[in-house]
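Q: Here it is, the structure, as structure tokens.
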Ligand code: SF4
Ligand code: SF4
Ligand code: SF4
């Protein structure tokens, strides 16, 4: 009998919603569990192998403690393919909203005072690519079922996942929504990677970019348009910070400064 590919699903700092998204694939879950040999999945199994040698490791969450960092390094050593799974692992998530502003220690002290941490020494939240080589990513907060299953299938067949190469706006237009920008609402749809099917603007709520910035967008032109529509630079940057982590903020800030 052919040996099944092995999978490890690990969760660091996040809401565990990405792992839950896997369990949410109810009708195909049995097929998935039959096709792969899951060695680690703390959210769903009780007989886990701590950190296992696996073909594919899916990592949810950002790195917020030294203990997590050591574990991440060990997972990397034991996985043939390591995947950043969801926005927290990819960009740092909400907890990395202020990443890179140089005030983390100040904020930390304000909340925890001089409390001594002995087991899990805290550190500023960072996405996993800051510490280890990441072979592939699956976007979303949480990833959508179709895109997650497509990416997993591609990975299990030894291929790189393919992504939606158009912004959220395209999916928003397919759903025949009125554009929120025309209503004075700051929507990041034009700069955000599609694939989520635009649930937020479809419910009259601006996109806050949780799938990450789309690389091939015309960022300069879009940011110019937002400014022309009266949105302030600090508001645009603040909105990008929600999910973007420092990388996106640096990019946007640079573009806005160049104008
Ligand atoms: S990416 Fe979103 S759903 Fe996944 S762990 Fe982070 S906050 Fe939760
Ligand atoms: S509402 Fe947002 S996502 Fe929809 S078309 Fe307008 S900018 Fe794009
Ligand atoms: S519309 Fe934007 S904020 Fe909403 S799920 Fe899609 S990417 Fe995330």
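The values are calculated or read from the model by the stated rules, or taken from the named source; none is laboratory data. None of the values given here were measured: they were computed from a predicted structure. Positions of Cβ are generated from backbone atoms using ideal geometry, with glycine treated the same way; all protein chains shown enter the neighbour counts.
Q: Please give the number of the condition residue 98 fails out of (1) part of a loop (DSSP other than H, G, I, E, B); (2) more than 22 Å from the chain's Cα centre (by Cα).
A: All conditions are met except number (2).
Q: Here's a follow-up. Run down 108, 131 and say which single residue is surrounded by fewer than 19 Cβ atoms within 10 Å (Cβ to Cβ), away from ligand 3 (no atom under 16 Å from the Cβ), within 21 Å of residue 67 (Cβ to Cβ) and without any contact (Cβ under 8 Å) to a residue 24 or more places away in the chain.
A: On the way: 131 fails: without any contact (Cβ under 8 Å) to a residue 24 or more places away in the chain.
Step by step, each of 108, 131 is checked, and only 108 is surrounded by fewer than 19 Cβ atoms within 10 Å (Cβ to Cβ), away from ligand 3 (no atom under 16 Å from the Cβ), within 21 Å of residue 67 (Cβ to Cβ) and without any contact (Cβ under 8 Å) to a residue 24 or more places away in the chain.
Q: Among the residues in the range 92-99, are any in contact with a strand residue (DSSP E or B) (Cβ under 6 Å, 6 or more places away or on another chain), at negative phi, at pLDDT 90 or above and in the same structural domain as residue 147 (by TED's automatic domain parsing)?
A: Taking the range 92-99 first, the residues in contact with a strand residue (DSSP E or B) (Cβ under 6 Å, 6 or more places away or on another chain) are 92-93, 95-96.
Retained after the next criterion (residues that are at negative phi): 95-96.
From what's left, at pLDDT 90 or above: 95-96.
Among the residues that remain, those that are also in the same structural domain as residue 147 (by TED's automatic domain parsing) are: 95-96.
Yes, the range 92-99 contains a residue that is in contact with a strand residue (DSSP E or B) (Cβ under 6 Å, 6 or more places away or on another chain), at negative phi, at pLDDT 90 or above and in the same structural domain as residue 147 (by TED's automatic domain parsing).
Q: So residue 147 clears everything in (1) away from ligand 3 (no atom under 16 Å from the Cβ); (2) in contact with a strand residue (DSSP E or B) (Cβ under 8 Å, 6 or more places away or on another chain) except one condition, right? Which one?
A: With (1) away from ligand 3 (no atom under 16 Å from the Cβ); (2) in contact with a strand residue (DSSP E or B) (Cβ under 8 Å, 6 or more places away or on another chain) applied to residue 147, the lone miss is (1).
Q: Hey, any hits in the range 226-242 for a residue that's within 16 Å of ligand 1 (Cβ to nearest atom), modelled with pLDDT under 90 and out of contact with any strand residue (DSSP E or B) (no Cβ under 8 Å at 6 or more places or on another chain)? Give the derivation first.
A: Filtering the range 226-242 down to residues within 16 Å of ligand 1 (Cβ to nearest atom) leaves 241-242.
In the following step, the residues that additionally are modelled with pLDDT under 90 were identified as 241-242.
Right, trim to out of contact with any strand residue (DSSP E or B) (no Cβ under 8 Å at 6 or more places or on another chain) and you get 241-242.
Looking for residues that are within 16 Å of ligand 1 (Cβ to nearest atom), modelled with pLDDT under 90 and out of contact with any strand residue (DSSP E or B) (no Cβ under 8 Å at 6 or more places or on another chain), one finds at least one in the range 226-242, hence yes.
Q: So which of 140, 158 is under 14 Å from the mean Cα position of the chain (by Cα) and either assigned to a strand (DSSP E or B) or on the phi > 0 side of the Ramachandran plot (or both)? Give the steps one after another, and end with the answer.
A: Numbers: 158 fails: under 14 Å from the mean Cα position of the chain (by Cα).
Being under 14 Å from the mean Cα position of the chain (by Cα) and either assigned to a strand (DSSP E or B) or on the phi > 0 side of the Ramachandran plot (or both) holds for just one of 140, 158, which is 140.
Q: So, of the residues in the range 180-197 that are in contact with a helix residue (DSSP H, G or I) (Cβ under 7 Å, 6 or more places away or on another chain) and part of a loop (DSSP other than H, G, I, E, B), which turns out to be farthest from ligand 2 (Cβ to nearest atom)?
A: Taking the range 180-197 and keeping what is in contact with a helix residue (DSSP H, G or I) (Cβ under 7 Å, 6 or more places away or on another chain), we get 180, 186-192, 194-197.
From what's left, part of a loop (DSSP other than H, G, I, E, B): 186-188, 194-197.
Details: 186: 9, 187: 3, 188: 7, 194: 9, 195: 13, 196: 10, 197: 11 Å.
Applying the filter and picking the extreme gives 195.
Q: Given the criterion within 16 Å of ligand 1 (Cβ to nearest atom), at negative phi, not in a loop (DSSP other than H, G, I, E, B) and not assigned by TED's automatic domain parsing to the domain that holds residue 81, identify the matching residue among 210, 200.
A: Details: 210 fails: not in a loop (DSSP other than H, G, I, E, B).
Sole residue among the options that is within 16 Å of ligand 1 (Cβ to nearest atom), at negative phi, not in a loop (DSSP other than H, G, I, E, B) and not assigned by TED's automatic domain parsing to the domain that holds residue 81: 200.
Q: Go through 75, 56, 51 for me and flag whichever is in contact with a helix residue (DSSP H, G or I) (Cβ under 7 Å, 6 or more places away or on another chain), more than 26 Å from residue 214 (Cα to Cα) and either within 16 Å of ligand 3 (Cβ to nearest atom) or touching a residue at least 24 places away in the same chain (Cβ under 8 Å) (or both).
A: On the way: 75 fails: in contact with a helix residue (DSSP H, G or I) (Cβ under 7 Å, 6 or more places away or on another chain); 56 fails: more than 26 Å from residue 214 (Cα to Cα).
Selected residue: 51, the only one of 75, 56, 51 that is in contact with a helix residue (DSSP H, G or I) (Cβ under 7 Å, 6 or more places away or on another chain), more than 26 Å from residue 214 (Cα to Cα) and either within 16 Å of ligand 3 (Cβ to nearest atom) or touching a residue at least 24 places away in the same chain (Cβ under 8 Å) (or both).
Q: A further question follows. Check residue 242 against each of (1) in contact (Cβ under 8 Å) with a residue 40 or more places away in the chain; (2) out of contact with any helix residue (DSSP H, G or I) (no Cβ under 6 Å at 6 or more places or on another chain); (3) within 12 Å of ligand 2 (Cβ to nearest atom) and name the one condition it does not meet.
A: Just one mismatch for residue 242, condition (3).
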